[in-house]
């Protein structure tokens with residue numbers, strides 16, 4: 001099987017033992033790799049009412065056929081399981097060098113079950129796997145953990161993915177960190193790793209997966225590199241990172257402020273330009289990436305020379321969303337999350353909600369143990385530490401906004417989340433294609449599972465007939481186009497390919513064909529994305545999800561009185577009906593129709609939902 005190592009490493013932490021698990025050709029043809037293949041592996045173990053943190057529940061690390069090749073922007077991997085934050089399907093992706101090292105270790109991925117009696121880490125080097133004691137690492141932050149492991153193993157070409165204290169303490173939005181500040185951030189999969197007493201995964205090796213057509217891959221690599229370097233966003237990302245979008249985004253009404261109740265704020269204080277003017281900033285790139293959208297703040301303070309980040313989502317979550325415009329505190333908040341292994345989006349939204357509740361007179365000083373006020377940078381940092389330490393009000397904030405709303409007897413629609421996962425920093429009032437993507441996304445509110453703002457701001461996807469339109473409208477086949485784009489971007493996490501890669505669907509098809517030797521055309525790419533979205537949907541259906549869960553929170557649907565989105569809200573009923581019709585999902589139950597599942601070769605899912 002070209003493009004693959006052809007096997008996963010199956011790790012049972014309870015036994016403990018490891019064994020190789022061969023992959024079937026038809027599985028790879030249909031699910032490609034990454035998060036799609038992980039969903040196929042996890043599907044059979046999903047049961048309604050299951051506890052995501054139970055030892056038997058799986059945690060999957062997965063690469064795809066693009067990983068480890070010379071194609072640019074492909075050093076990505078997916079971490080998947082049932083989300084401790086939401087109770088539904090959970091996945092997160094990250095870059096750096098870890099994905100190349102994982103595949104180079106001799107495996108396409110890891111399937112991990114059970115729970116170790118004591119803390120352990122997994123060490124894989126050129127096909128040889130060991131479980132090693134990690135008692136001395138427990139309680140260490142992620143940067144300390146990396147340093148200790150590097151000193152112990154003395155392998156310059158190894159990479160580490162692991163958790164910090166937040167994952168150990170089962171913070172519901174803790175994440176899996178790797179390399180220099182890279183994070184598989186969303187869904188709380190760091191807590192799943194922590195529940196298994198698995199502190200880290202260390203990978204090393206140079207085992208190459210054979211490609212079907214080396215000569216063509218060399219040609220396609222040059223073409224892809226030319227496409228990336230010729231894209232205008234490449235220059236902007238390298239110069240200013242993702243924070244280049246702040247001022248433009250505010251003008252478009254896309255940057256949420258004051259817990260999604262404002263869209264106007266001093267944007268010039270939280271831009272990539274402002275960061276570069278105030279600090280010594282260098283770009284950071286994933287292995288093999290010519291873009292370098294990551295930021296590294298150098299010489300931040302005497303005891304902290306380098307801070308990895310912040311990027312756009314982080315800076316807005318700890319900045320305007322909390323009405324905080326102190327860059328120094330935003331950088332510190334970012335570092336606290338990186339070191340302790342915590343999702344910056346959910347953390348920032350939860351803190352902003354606490355500020356909102358305080359303003360409403362609900363979260364008083366007596367209940368919180370401190371004054372919580374808009375724009376108080378010290379309070380942002382204090383609450384972050386309380387979340388990590390599971391101290392006082394921090395313990396409630398560590399469970400996310402939906403749990404917070406329920407605890408205080410508030411309308412759940414006041415919690416800025418979808419299916420339990422906090423809203424990202426793109427306002428659905430600004431792009432109605434994003435509104436339907438958020439409402440229906442397989443893991444909840446996600447700005448990357450169908451980043452439709454890129455469609456309405458940029459070029460069409462000609463092969464799939466996805467065209468830019470009026471961004472604040474539900475008309476013009478908006479929902480159907482959003483569904484197709486959602487499937488396309490879902491597939492990126494199977495390939496695995498960076499969401500910023502400006503490659504056409506035709507280029508992606510040709511690359512996948514040359515790597516695997518299997519013929520893929522644009523229509524096959526879309527079908528594979530549809531298959532991935534639908535198997536994740538059935539997983540969620542099995543876990544109890546219905547059509548009633550496909551909705552946006554009220555806090556993000558109330559019309560604003562300022563900015564370019566003033567008085568405008570998405571027509572969710574119209575968008576949902578068109579989306580369901582395109583997907584062939586049943587309007588009453590929210591389940592994919594039987595004939596659609598069979599069309600996508602998801603026969604077992606069809607049988608599970610509808611019987612034989």
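Below, the figures for the structure above:
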| item | result |
| --- | --- |
| Within the stretch 114-133, tally of residues that are touching a strand residue (DSSP E or B) at 6+ places or on another chain (Cβ under 6 Å) and either assigned to a loop (DSSP other than H, G, I, E, B) or surrounded by fewer than 19 Cβ atoms within 10 Å (Cβ to Cβ) (or both) | 5 |
| Residue 87, sole failed condition from (1) surrounded by fewer than 23 Cβ atoms within 10 Å (Cβ to Cβ); (2) touching a helix residue (DSSP H, G or I) at 6+ places or on another chain (Cβ under 7 Å) | (2) |
| Residue 90 vs. criteria outside any loop (DSSP other than H, G, I, E, B) and more than 20 Å from residue 22 (Cα to Cα) | yes |
| Some residue of the stretch 414-421 being on the phi < 0 side of the Ramachandran plot, assigned by TED's automatic domain parsing to the domain that holds residue 485 and in a helix (DSSP H, G or I) | no |
| Any hit, the stretch 528-535, residues being in contact (Cβ under 8 Å) with a residue 40 or more places away in the chain and in contact with a strand residue (DSSP E or B) (Cβ under 6 Å, 6 or more places away or on another chain) | yes |
| Candidates 383, 402, filtered to the one that is closer than 23 Å to residue 170 by Cα, in a helix (DSSP H, G or I), in contact (Cβ under 8 Å) with a residue 12 or more places away in the chain and in contact with a helix residue (DSSP H, G or I) (Cβ under 6 Å, 6 or more places away or on another chain) | 383 |
| Condition broken by residue 241, with the remaining ones in (1) free of Cβ contacts under 8 Å to residues at least 40 places away in the same chain; (2) under 25 Å from the mean Cα position of the chain (by Cα); (3) more than 30 Å from residue 516 (Cα to Cα) satisfied | (1) |
| Qualifying residue in the stretch 524-542 (condition: assigned to a helix (DSSP H, G or I), over 30 Å from residue 24 (Cβ atoms) and either touching a helix residue (DSSP H, G or I) at 6+ places or on another chain (Cβ under 7 Å) or modelled with pLDDT under 95 (or both)) | no |
| Set 560, 574, 600: member being in contact with a helix residue (DSSP H, G or I) (Cβ under 7 Å, 6 or more places away or on another chain) and either closer than 30 Å to residue 352 by Cα or not assigned by TED's automatic domain parsing to the domain that holds residue 263 (or both) | 600 |
| Complete set of residues in the stretch 274-305 that are surrounded by fewer than 16 Cβ atoms within 10 Å (Cβ to Cβ) and either without any contact (Cβ under 8 Å) to a residue 12 or more places away in the chain or closer than 20 Å to residue 339 by Cα (or both) | 277, 282, 283, 298, 299, 301, 302, 303, 304, 305 |
| Per-region count, the stretch 591-612, residues in a helix (DSSP H, G or I) and in contact with a strand residue (DSSP E or B) (Cβ under 8 Å, 6 or more places away or on another chain) | 3 |
| Filter result (part of a helix (DSSP H, G or I) and either free of Cβ contacts under 8 Å to residues at least 60 places away in the same chain or in the same structural domain as residue 184 (by TED's automatic domain parsing) (or both)) within the stretch 323-333 | 327, 328, 329, 331, 332, 333 |
| Yes/no for residue 437 being at pLDDT 95 or above, outside the structural domain of residue 262 (by TED's automatic domain parsing) and either within 20 Å of residue 228 (Cα to Cα) or not in a helix (DSSP H, G or I) (or both) | no |
| Tabulated pairs, the stretch 2-15, first farther than 26 Å from residue 29 by Cβ, second part of a strand (DSSP E or B) and at pLDDT 95 or above, C-beta under 6 angstrom, 6+ apart or interchain | 12/113 |
| Residue tally, condition over 20 Å from the mean Cα position of the chain (by Cα) and surrounded by 22 or more Cβ atoms within 10 Å (Cβ to Cβ), over the stretch 517-537 | 1 |
| Per-region count, the stretch 16-39, residues crowded, with 19+ Cβ neighbours inside 10 Å and assigned to a helix (DSSP H, G or I) | 9 |
| Residue 484 being in contact with a helix residue (DSSP H, G or I) (Cβ under 8 Å, 6 or more places away or on another chain), surrounded by fewer than 24 Cβ atoms within 10 Å (Cβ to Cβ) and outside any helix (DSSP H, G or I) | no |
| Residue identified as assigned by TED's automatic domain parsing to the domain that holds residue 42 and either surrounded by fewer than 22 Cβ atoms within 10 Å (Cβ to Cβ) or within 19 Å of residue 95 (Cα to Cα) (or both) among 211, 111 | 111 |
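Residue by residue, here is whether (1) under 24 Å from the mean Cα position of the chain (by Cα); (2) over 30 Å from residue 88 (Cβ atoms); (3) crowded, with 20+ Cβ neighbours inside 10 Å holds:
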{"residue": "145", "(1), (2), (3)": "yes, no, yes"}
{"residue": "149", "(1), (2), (3)": "no, yes, yes"}
{"residue": "152", "(1), (2), (3)": "no, yes, no"}
{"residue": "160", "(1), (2), (3)": "yes, no, yes"}
{"residue": "183", "(1), (2), (3)": "yes, no, yes"}
{"residue": "186", "(1), (2), (3)": "yes, no, yes"}
{"residue": "230", "(1), (2), (3)": "no, yes, no"}
{"residue": "233", "(1), (2), (3)": "yes, yes, no"}
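Here is a yes/no grid of residues against (1) in a helix (DSSP H, G or I); (2) without any contact (Cβ under 8 Å) to a residue 40 or more places away in the chain:
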| site | (1), (2) |
| --- | --- |
| 172 | no, no |
| 203 | no, no |
| 209 | no, no |
| 212 | no, no |
| 215 | yes, yes |
| 218 | yes, no |
| 228 | yes, no |
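The values are calculated or read from the model by the stated rules, or taken from the named source; none is laboratory data. All values reported here derive from a predicted model rather than from experimental measurement. Note that each Cβ is placed from the backbone with ideal geometry, even for glycine, and that neighbours are counted across all protein chains shown.
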